[in-house]
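Bear in mind these aren't lab numbers, they're just calculated from the coordinates by the rules spelled out. These numbers come from a predicted model, not from an experiment. As a convention, Cβ positions derive from the backbone with ideal geometry for all residues, glycine included, and neighbour counts pool all protein chains shown.
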Amino acid sequence: MIPGFFQGTEMPTAGWWEALWPDPAKVLTLVGVTPGMSVVDLCSGDGWFTLQIAKIASRVVAIDIDRNMLEVARHRLKESGVSNYELLAGDAYELVKLAPRPADFIFMANAFHGVPDKPRLARAVRETLMPSGRFAIVNWHQRPREETTVLGEPRGPKTELRLSPEQTIKAVEPGGLKRAQVVDVSPYHYGVVFERSEP
């Protein structure tokens, strides 16, 4: 495993990933990504969501610790013809140093369950957001893994790693973010949207 790689967040094969997320643009709309935003796609993997963010937002910075996944993302974005993106390799905890400027929105899908120090990550997110910025976490519902099947097979993180929306909120709010809304984004996933809270 790559040092710093969050537990249970390995990137799956493209076939079932695309079956799981056939309409990534809809997910982004549900959590509040809008035109004109500057967005960070945190733990971006192979760029499946990054591409759709680039099509909506004014700019997207994709950050992942896995350089191989960033290369896959680079090819995906290049082939699509978008140019309003930057790809950066690094540890999510170092977000403040990695992000070139404060963001309007930070998006994180299918990775928060594996973060060892969740309040630490939330603090890094808060410091990277504009004063009115928002942070969306898309997470697997807290259901047994055998119940979340894609293309006929159980998928997603181990059952014991999964968090309820309430557990996600409890883990993030000590980092200086407050819940704005909770939305269902797929049969197997929810999104919790936080906003930066001022001291």
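Numerical summary
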| quantity | calculated |
| --- | --- |
| Square roots of 5 times each gyration tensor eigenvalue, C-alpha, segment 73-199, largest first, Å | 25, 21, 13 |
| Extension gain, residue 197 back to residue 127 (0.36 nm per residue minus Cα-Cα distance, nm) | 24.1 nm |
| Placed amide H near residue 181: partners under 5 Å, 5+ positions off or other chain | 193 |
| Computed label-point distance, nm, for sites residue 67 and residue 55 using a 7 Å Cα→Cβ extension | 3.1 |
| The chain, helix-only ellipticity at 222 nm - DSSP H runs n ≥ 4, -39,500 (n - 2.57), divided by all residues, nearest 500 | -8500 deg cm²/dmol |
| Shape call, segment 58-115: gyration tensor on alpha carbons, a/c limit 1.5 | oblate |
| Kirkwood hydrodynamic radius over Cα pairs of segment 1-160, then Stokes diffusion coefficient at 25 °C and 0.890 mPa s, in µm²/s | 154 |
| 5 angstrom amide H check on residue 189, placed H, neighbours 5+ away | 141 |
| Highest average packing first - 130-138, 65-73, 49-57, Cβ atoms within 10 Å | 49-57, 130-138, 65-73 |
| Gap separating the Cα centres of segment 35-94 and segment 149-173, nearest whole Å | 23 |
| J(HN,Hα) series, segment 117-130, from Karplus relation 6.51 cos²θ - 1.76 cosθ + 1.60, nearest Hz, glycine and proline x | 10, 5, x, 4, 5, 4, 5, 5, 4, 4, 6, 9, 8, 4 |
| FRET efficiency, residue 158 to residue 26 (Cβ-Cβ, R0 25 Å, nearest 0.05) | 0.40 |
| Count of lysine pairs in the chain with Cα separation under 27 Å (8 or more residues apart, or interchain) | 17 |
| Net charge, residue 145 excluded, C-beta distance under 13 Å - Lys, Arg +1, Asp, Glu -1 | 0 |
| Neighbourhood charge, 9 Å Cβ-Cβ cut-off, centred on residue 87 and excluding it, Lys, Arg +1 and Asp, Glu -1 | -2 |
| Backbone HN-Hα couplings from phi across segment 78-83 [Karplus 6.51/-1.76/1.60, Hz, Gly and Pro as x] | 5, 5, 7, x, 6, 9 |
| Placed amide H near residue 130: partners under 5 Å, 5+ positions off or other chain | 103, 104 |
| Cα-centre dipole for segment 1-152 with unit charges at Cβ (Lys and Arg positive, Asp and Glu negative), debye to 20 | 420 |
| Residue-by-residue Karplus 3J(HN,Hα) for segment 104-112, coefficients 6.51, -1.76, 1.60, Hz, glycine and proline x | 6, 8, 10, 10, 9, 10, 6, 9, 4 |
| Dipole of segment 21-196, positive direction: furthest Cα of 96, 148, 63, with charges on the beta-carbon | 96 |
